[in-house]
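Participant: This is the structure I want to talk about, given as structure tokens.
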Amino acid sequence: MIELTAPAMMFVCGTVLTIIGLGLTPVQPPAYDASPVTVELNLISEILGSILVEPHTLLRLQWLHPTGLAGIALSIVGWALLLPIPGFPGDRILHSLLGPADMQDDRNQTSIFISTLGFVLLIFISTEYWPWLLLAAIAAWRRFSPEHLPEPFVVDEYASLDEIPMRQIATLTIAILLLGYPGLEPSSQIEEWDAGISTEEWPISMTFDEEITQLKLPLEPSGIMPVSGWLQIRLEGATDAGWQINSECLDERGVCRFDDITQASPGSVEIELSRDSTEPSNLTFRLVVLIDVENQVSEHSVLFRSADSTSSIDPLWVMVEDTSTPRICVELSVSEGDYVNLSINNPFWSFENETSLAEGTHDLCLRGQVGAIQSLPQRDEQHLVIGPPIIIHREGQPDEILLMSIEDTLPRMHVSGGEWVIPEWFGPEEGYTIARGESGSVFCPSSNAIADVDTSDNWSRDLADRSAIAISQAGPGNGTLRFSALGWLAVCDDTTLLSAYQVIEGPDLVTGSGLPNSRLSEGELRIVNRENTTFSLSVDWAGDAVNWDNWDVSVPSQIAPNSQALGTISVEETTSAIWASWISIEDDEITLHFSARSTEVSE
């Protein structure tokens, strides 16, 4: 009983201090500059805490008051002293319960040996918590050490404990060992303590079968610190499907602001998607939510598919082969009992798979001819090229149109040497914002507190990842942007995306109103060479209709350094053919491509 008193008192006092510390701990976290440490409660402290210190008992463990930390440490020491490790009170209690004779019995020694060995192996396999590893090492060393350890002093080896005291001691010891077990890692470092908003409870896919669809997004922090920031919400895919986003959280700028979201005071955003019932569409689309908090930007996508209708699995065409003859694919899910026939009217594209499809999931791939991407004149709100319309035929029913944008088809901006001079056509004269990101989707800045640039004289700015500058009014000064050749660049009017570009390394050439590899319009062509290199210029004709007399292209043979060249593209429009024109750059040669295909051979 003497050996049990000290550890039991330490455990009880530690439990009391733990409960007092929980009561002294505030519900909201303090200000941290580094990763804090969280602790775990044993079972008895957890039960008492849930009864006496509600609410948010478990939350307080992440910033526990020093009184509570002292109590947990005292409880762990008291618990550890009751372990049957030679030299510890727990081992002497075991001697008194079994008796010296039974302790020296070979069978009991074998059982103790196996139990100790299993305990040590379990600790080394299950945890890297160094106090437990140290305790296991001490237990193994003392139990198997050849050095003689003094046996517990026994007054009368032949006298045994009375049955009732023996049961009381055994019961109390086992109860403390079980109820006071502190876990494999009583304390640990909180890694993502300041990690923004958690999206673990947000859906990743939903179905719709009506004109109104609702969802609720809980706002909870990933870490422990209060989170404030913005949400931007937009739709991708379902071109011309008429879906509208409605939410009480959205302000007049189309941005949702949230402040001081904590584990104890979470929030939520309710979103309603509605569409015009007069023009129903079963096209798959994606709801993209940009989460913009201080020093961290992330995004989450929710895929919406029609519940019982034929539709694509993904909302965008996947660019499988980004070559001169591109290949785009998507999976098409034909609903139960449905049978469809597919056709296409664009002569630049043709099917690679079967076009008569029964119920099930099918691969749908299109192969493009030279100029296929440039033949598509429309872009969506995210400035991706809208793919060729696929006509879905059903016997005895009106035709449907499958119209989807193609991923990775932003206009490509060539950057040379990490600098890019802003051309005069880049943004509206009344002012705009330039934003840049190295990865993720293109979004305009959520905050309108953006550094303004004085354009009355020549200026230059560095653009880091997820940074932005505001040009309140176009002035006479020339502007130079410095950034690495990756990611994207966006031109915005507040939160409205005016234009977006994919940034790549390449010769710095621009056309009068666009960039290389982008579709050119009819009329005057102006190519600006902003490099210190002379570029030769040639014309390449492709397609089965380029020999017609409807087209005429004239350009000079070369462009001098830091100068421009003028040319013309003359087209006599006809319904018998479709044409596309664009420029490409390779080494020191600029090629003006002109591709025309007859509509009479379209599939």
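Values quoted throughout were computed directly from the atomic coordinates according to the rules given, and no laboratory measurement underlies them. These figures come from a predicted structure and were not determined experimentally. Every residue, glycine among them, receives a Cβ derived from its backbone with ideal geometry; neighbour counts consider all protein chains shown.
Participant: Using amide H atoms built 1.01 Å from N in the peptide plane, name the residues 5+ places from residue 353, or on other chains, whose amide H lies under 5 Å from its own.
Facilitator: Correct list: 365.
Participant: Highest mean first, how do 266-275, 214-223 rank when packing is the count of other Cβ atoms within 10 Å averaged over residues?
Facilitator: My ranking of the peptides, most packed first, is 214-223, 266-275.
Participant: Under 19 Å from the 7 Å Cα→Cβ point of residue 27, by amide nitrogen: which residues of the range 33-61?
Facilitator: Residues passing the 19 Å test: 49-61.
Participant: Ranked highest first by the average count of other Cβ atoms within 10 Å around their residues, in what order do 18-26, 442-450 fall? Can you show the working numbers first?
Facilitator: Working: 18-26: 20.0, 442-450: 17.9.
Most protected by this proxy first, the peptides run 18-26, 442-450.
Participant: Amide H of residue 285: which non-local residues (sequence gap of 5 or more, or other chain) have their own amide H closer than 5 Å, using H built in the peptide plane?
Facilitator: Those lying under 5 Å, H to H, from residue 285 are 304.
Participant: Please report the spacing between the Cα centers of the range 334-396 and the range 442-511 in Å, no decimals.
Facilitator: Between the Cα centres of the range 334-396 and the range 442-511 lies a distance of 36 Å.
Participant: Under the 0.36 nm per residue contour assumption, what length would be gained going from the current alpha-carbon distance of residue 587 and residue 313 to full extension? Spell out each step's value before the answer.
Facilitator: Working: separation 274, 0.36 × 274 = 98.64 nm, distance 4.01 nm.
Contour length minus the Cα-Cα distance gives 94.6 nm.
Participant: Taking amide hydrogens as modeled 1.01 Å from N in the peptide plane, which residues meet the under 5 Å criterion relative to residue 321, leaving out close sequence neighbours?
Facilitator: 327
Participant: Shifting gears a bit: Computed over the Cα atoms of the chain, what is the ratio Rg over Rh, Rh following Kirkwood?
Facilitator: That ratio is 1.18, to two decimals.
Participant: Please report the relative contact order for the chain, taking Cα pairs under 8 Å with a sequence separation of at least 6, and give it as a percent rounded to a whole number.
Facilitator: 9
Participant: I need the P(r) histogram for the range 479-521: all alpha carbon pairs, bin width 5 Å from 0 out to the longest distance, whole percents.
Facilitator: Here the calculated profile for the range 479-521 is 5, 16, 24, 30, 19, 7, 0.
Participant: Additional query: Run the helix sum for the chain: -39,500 (n - 2.57) per DSSP H stretch of 4+ residues, divided by residue count, reported at 222 nm to the nearest 500 deg cm²/dmol.
Facilitator: Counting only the DSSP helices, I get -6500 deg cm²/dmol.
Participant: Moving to a separate point now. Which net charge results for the neighbourhood of residue 579, defined as the other residues with beta-carbon distances under 11 angstrom from its beta-carbon, given Lys and Arg at +1 and Asp and Glu at -1?
Facilitator: Numbers: positive: 519, 597; negative: 522, 572, 573.
Computed value for this residue: -1.
Participant: Less than 12 Å Cβ to Cβ from residue 236, Lys/Arg counted +1 and Asp/Glu -1: what total charge do the surrounding residues give?
Facilitator: Local net charge: -3.
Participant: Lone cysteines in the chain, defined as no other cysteine's Cβ under 4.7 Å from theirs: which are they?
Facilitator: 13
Participant: Under the Karplus relation 6.51 cos²θ - 1.76 cosθ + 1.60, θ = phi - 60°, what is the ordered set of whole-Hz ³J(HN,Hα) values for the range 3-15, x standing for Gly and Pro?
Facilitator: Taking θ as phi minus 60°, the curve returns 5, 7, 5, 5, x, 5, 5, 4, 5, 5, 5, x, 5 Hz for the range 3-15.
Participant: I would also like to ask the following. Would you kindly state how much longer the chain becomes between residue 554 and residue 480 on full extension, computed as 0.36 nm times their sequence separation minus their alpha carbon distance, in nm to one decimal?
Facilitator: Full extension from residue 554 to residue 480 adds 23.5 nm.
Participant: Given R₀ = 30 Å, what would the calculated FRET efficiency be for residue 538 paired with residue 429, taking r from the Cβ atoms and rounding to 0.05?
Facilitator: Numbers: r = 35 Å, r/R0 = 1.18.
After rounding, the FRET efficiency stands at 0.25.
Participant: Whole-Hz Karplus ³J(HN,Hα) for the range 17-33, in order, using 6.51 cos²θ - 1.76 cosθ + 1.60 and θ = phi - 60°, x for Gly and Pro?
Facilitator: Each residue of the range 17-33 in turn: 5, 4, 5, 5, x, 4, x, 7, 7, x, 6, 8, x, x, 7, 10, 10 Hz.
Participant: Relative contact order of the range 509-601: what whole-number percent is it, with Cα pairs under 8 angstrom and at least 6 residues apart?
Facilitator: Once divided by the residue count of the range 509-601, the mean separation gives 35 percent.
Participant: Related question: From the backbone phi of the range 89-97, what are the Karplus-calculated ³J(HN,Hα) couplings (6.51 cos²θ - 1.76 cosθ + 1.60, θ = phi - 60°) in whole Hz, Gly and Pro given as x?
Facilitator: x, x, 5, 5, 5, 4, 4, 5, 6
Participant: If you don't mind, there's one more thing I want to ask. Using just the alpha carbons, could you tell me how many Å³ per residue the convex hull of the range 509-601 encloses?
Facilitator: Values: hull volume 7.9 nm³, N = 93.
Enclosed volume per residue, from the Cα hull, is 85 Å³.
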